[in-house]
Amino acid sequence: MWFFGSKGASGFSSRSTAEEVTHGVDGTGLTAIVTGASSGIGIETARVLALRGVHVVMAVRNTVSGAKVKEDIVNQVPGAKVDVMELDLSSMDSVRKFASDYKSTGLPLNLLINNAGIMACPFKLSKDNIEMQFATNHLGHFLLTKLLLDTMKNTSRESKREGRIVNVSSSGQRYTYPEGVRFDKINDESSYINYRAYGQSKLCNILHANELAKQLKEDGVNITANSVHPGAIMTNLWRHLNSYLAVAVVSVAKYMFKTVPQGAATTCYVALHPQVAGVTGEYFLDNNIGKPLPIAKDSELAKKLWDFTNKLTDSQSGETSS
């Protein structure tokens with residue numbers, strides 16, 4: 001592991017910004033969906049992709065906020081191609097509607113940036129009666145990817161350009177429940193621990209990308225799937241911290257945390273940089289390949305999660321055992 005701020009094999013470090021890691025990269029002709037693009041690092045990810053010529057579709061829960069972000073990006077990047085579409089990842093109906101609406105536009109899809117997320121919230125069930133962090137951070141993105149994969153395959157085949165799927169995970173994956181993924185207790189409120197449920201969902205992001213990468217490779221499809229840890233950044237993700245912990249976090253943030261441009265860097269690097277061509281099933285942090293929790297590389301667990309999630313997304317009710 002390299003020291004904080006020192007450069008890794010890529011030539012970039014934890015201090016590199018999204019603009020720096022994509023400098024000189026031409027994304028003209030590419031189309032990307034960025035979930036959660038109206039807040040935090042999602043805004044910077046969308047802006048920098050647009051800056052590099054990518055047509056960005058902002059998939060956001062609040063389209064009013066999304067429209068304001070779009071206006072800001074277009075003002076900063078003359079000629080930027082940016083669209084806003086509504087997507088609530090905690091609702092499978094919303095995910096299905098988004099995918100249907102996207103397909104009806106006839107747009108290609110080269111890059112899918114599964115960025116949106118919630119962190120350490122109090123116990124709550126989604127509209128589909130699934131624990132909210134699992135539903136939003138993993139299940140929604142799994143279903144979105146599943147529904148748009150054929151569009152990505154067609155785009156890759158017709159454009160003869162590599163498609164890339166990027167799951168934004170977190171080092172929080174290290175603090176999941178002891179068993180990794182609690183398949184039989186996803187909805188168990190009595191044993192719910194907010195930060196462990198967050199870690200579980202972020203572990204799922206990595207396992208999802210790894211199993212997807214394996215399947216795409218076996219099918220000979222020119223699409224990669226990777227996961228990234230953006231780093232610790234002061235965004236509204238931290239809003240559920242208790243007041244004492246919040247004070248402690250803020251006090252060290254200016255010394256240890258990344259800026260938003262630095263936080264968006266690894267996502268943009270994995271999405272656009274030529275160095276990452278052909279690289280799949282990896283976990284990136286600080287713009288370099290990193291090492292997640294050993295359980296995150298468990299291929300049997302990844303397949304079990306895939307089958308479990310597939311069953312959830314195929315069911316009409318979305319109910320799971322608690």
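Return the residues of segment 33-92 that are among the polar types (S, T, N, Q) and part of a loop (DSSP other than H, G, I, E, B); say none if nothing qualifies.
Ser38, Ser39, Asn62, Ser90, Ser91, listed by residue number.
Out of the residues in segment 175-200 meeting the condition of being of a type in the set (Phe, Trp, Tyr), out of contact with any strand residue (DSSP E or B) (no Cβ under 9 Å at 6 or more places or on another chain) and not in a helix (DSSP H, G or I), tell me which one is nearest to Leu301 (Cα to Cα).
Phe183
Scan segment 176-196 residue by residue and report those that are in contact with a Ser or Thr (Cβ under 6 Å, 6 or more places away or on another chain) and among the aliphatic types (A, V, I, L, M).
Hit for segment 176-196 is Ile186, nothing else.
Can you find, within segment 1-24, the residue that is modelled with the lowest pLDDT among those that are surrounded by fewer than 16 Cβ atoms within 10 Å (Cβ to Cβ) and aliphatic (A, V, I, L, M)?
Met1
Specify which of the listed residues (Arg196, Arg174) is free of Cβ contacts under 8 Å to residues at least 40 places away in the same chain and open to solvent by 50 Å² or more (accessible area, probe 1.4 Å).
Values: Arg174 fails: free of Cβ contacts under 8 Å to residues at least 40 places away in the same chain.
The match here is Arg196.
Would you confirm, using the coordinates I've provided, whether Asp101 is acidic (Asp, Glu), open to solvent by 50 Å² or more (accessible area, probe 1.4 Å), within 25 Å of Val228 (Cα to Cα) and over 17 Å from the mean Cα position of the chain (by Cα)?
No.
Filter segment 42-65 for residues that are open to solvent by 20 Å² or more (accessible area, probe 1.4 Å) and among the aliphatic types (A, V, I, L, M); which is farthest from the chain's Cα centre (by Cα)?
Going through the qualifying residues, I end up with Val64.
Check every one of the helices (runs of 4 or more DSSP H) wholly within segment 210-322 and list those with 2 or more residues that are of a type in the set (Asp, Glu) and either modelled with pLDDT under 95 or more than 25 Å from Ser126 (Cβ to Cβ) (or both).
Because the criterion is at least 2 residues that are of a type in the set (Asp, Glu) and either modelled with pLDDT under 95 or more than 25 Å from Ser126 (Cβ to Cβ) (or both), the helices (runs of 4 or more DSSP H) in segment 210-322 that meet it are 299-314.
Could you grab the pairs with beta carbons closer than 9 Å, sequence gap of 6+ or different chains, first residue in segment 135-149 and of a type in the set (Gly, Ala, Ser), second one crowded, with 24+ Cβ neighbours inside 10 Å and part of a helix (DSSP H, G or I)?
Correct list of pairs: Ala135/Met92; Ala135/Ser201; Gly140/Met92; Gly140/Val95.
I'd like the full set of residues that are under 16 Å from Thr176 (Cβ atoms) and either within 13 Å of the chain's Cα centre (by Cα) or not in a loop (DSSP other than H, G, I, E, B) (or both), limited to segment 120-131.
Glu131
May I ask you to verify whether Asp184 is of a type outside the set (A, V, I, L, M, F, W, C) and in contact (Cβ under 8 Å) with a residue 12 or more places away in the chain?
Criteria met by Asp184.
The values are calculated or read from the model by the stated rules, or taken from the named source; none is laboratory data. Only a predicted model underlies this, so the values are computations on that prediction, with no experimental measurement involved. Backbone-built Cβ (ideal geometry, glycine too); neighbour counts: all protein chains shown. Remember, those area values only see protein heavy atoms, side chains included, never the ligands or the DNA or RNA. Shrake-Rupley method; radii C 1.70, N 1.55, O 1.52, S 1.80 Å.
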